[in-house]
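Colleague: So that we are looking at the same thing, I have put the structure below in structure tokens.
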Amino acid sequence: MQTFDLEAQGLRQLNATLHAQANDTNQTAWEVVNPRGSHAIAVGLDAPIEVTVKGSTGYYCGGMNKQATINVHGSVGPGVAENMMSGMVVIEGDASQYAGATGHGGTLVIKGNASSRCGISMKGIDIIVHGNIGHMSAFMAQSGHLVVCGDAGEALGDSLYEAKLFVRGEVKSLGADCIEKEMRPEHIETLRELLERGGCDAKPEEFKRYGSARQLYNFNIDNAY
């Protein structure tokens, strides 16, 4: 385990050190101490390493991640795992706005609650939230899965494309073109795997599925002026 003191050594040095790790590195485990809410911790990683952050972070922690596993033992500010490509980001606390925004792949696990716009414009990422999510989550979500073990705020899935949403609790309201859909056996199995991956002990049969009614993104002459 390599330990990096962010307060003493600085953010630029941290990210430069992590970026220098190659696929064949033997320094595969890193611990970051004294993060103190710093922004852009462990962004742009592209190696199969594991980074553990001992404390809470600011904006864009784990953004643009590829291959790496990032564990945050605290809460995170806006844009955690933004534009993630692969790998895994696990947040032990809560996440602020637009967690997992525009993510193309990989898995984001939030063991607390997520704020507004969770999964906005997601493009293939899988997001598993143990708690609740805020309003406008999965806005314009294109593909991937959003799993919510708690409740969802207003306008869930507004202007949704083909992402699949699973919510166990109450949904305050659905956004434009988002509807409840049937939970078929294949969805139960997909959700079971996602819950296991996210470390959730909830039963997939307790969830409802939501998706696109496919009315907004097809041209309709009646909508032309």
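Colleague: At 222 nm, what value in deg cm²/dmol follows for the chain if DSSP H runs of at least 4 each add -39500 (n - 2.57) and the sum is divided by all its residues, to the nearest 500?
Modeller: Values: 3 runs with 26 residues, N = 225.
Result for the chain: -3000 deg cm²/dmol, rounded to the nearest 500.
Colleague: So, one more: Which of 73, 96, 185 sits farthest toward the positive end of the charge dipole of the stretch 2-213, with +1 on the Cβ of Lys and Arg and -1 on the Cβ of Asp and Glu?
Modeller: 96
Colleague: While we're here: For the stretch 186-200, just list the computed ³J(HN,Hα) in residue order, Karplus coefficients 6.51, -1.76 and 1.60, θ = phi - 60°, integers in Hz, with x standing in for Gly and Pro.
Modeller: So the J values, rounded to whole Hz, are 5, 6, 4, 5, 4, 5, 4, 5, 5, 5, 5, 4, x, x, 9.
Colleague: Could you pull out every one of the aspartates and glutamates with an alpha carbon less than 14 Å from that of residue 208, ignoring same-chain neighbours closer than 8 positions?
Modeller: Those aspartates and glutamates meeting the cut-off are 151, 170, 180, 182, 186, 189.
Colleague: With θ set to phi - 60°, apply the Karplus curve 6.51 cos²θ - 1.76 cosθ + 1.60 along the stretch 24-37 and write out the HN-Hα couplings as whole Hz, x wherever there is a Gly or Pro.
Modeller: Rounded to whole hertz, the list is 9, 5, 9, 9, 8, 10, 10, 10, 9, 10, 6, x, 6, x.
Colleague: When the chain is modelled as a GNM with alpha-carbon springs shorter than 10 Å, which of 76, 32, 109 fluctuates the most?
Modeller: 32
Colleague: Something else about it: Relative contact order (percent) for the chain, with alpha-carbon contacts under 8 angstrom and 6 or more residues of separation?
Modeller: Relative contact order, the chain: 10 percent.
Colleague: Hey, what's the per residue convex hull volume over the C-alpha atoms of the stretch 1-67, in cubic angstrom?
Modeller: Numbers: hull volume 4.4 nm³, N = 67.
Enclosed volume per residue, from the Cα hull, is 65 Å³.
Colleague: Cut-off 11 Å, label point 7 angstrom out along Cα-to-Cβ of residue 85: give me the residues of the stretch 15-35 whose amide nitrogen falls inside.
Modeller: The answer is none.
Colleague: Explain nothing, just compute: Karplus ³J(HN,Hα) = 6.51 cos²θ - 1.76 cosθ + 1.60, θ = phi - 60°, for every residue of the stretch 106-118 in order, whole Hz, x for Gly and Pro.
Modeller: In residue order, the calculated couplings are x, 10, 10, 10, 10, 7, x, 9, 10, 7, 5, 6, 4 Hz.
Colleague: Have a look at the DSSP beta bridges in the chain and tell me what percent are antiparallel, nearest 5.
Modeller: So the antiparallel bridges amount to about 15 percent of the total.
Colleague: Quote the charge dipole size of the chain about the Cα centre in Debye, to the nearest 20; the model charges only the Cβ of Lys and Arg (+1) and of Asp and Glu (-1).
Modeller: Values: 18 positive and 26 negative charges, 40 e Å.
It comes to approximately 180 debye.
Colleague: What does the charge dipole of the stretch 123-218 about its Cα centre add up to, to the nearest 20 debye, if the Cβ of each Lys and Arg holds +1 and the Cβ of each Asp and Glu holds -1?
Modeller: Dipole of the stretch 123-218, to the nearest 20 debye: 140 debye.
Only the coordinates and a few stated rules stand behind these numbers; no lab work does. None of these values were measured; they are calculated from a predicted model. Backbone-built Cβ (ideal geometry, glycine too); neighbour counts: all protein chains shown.
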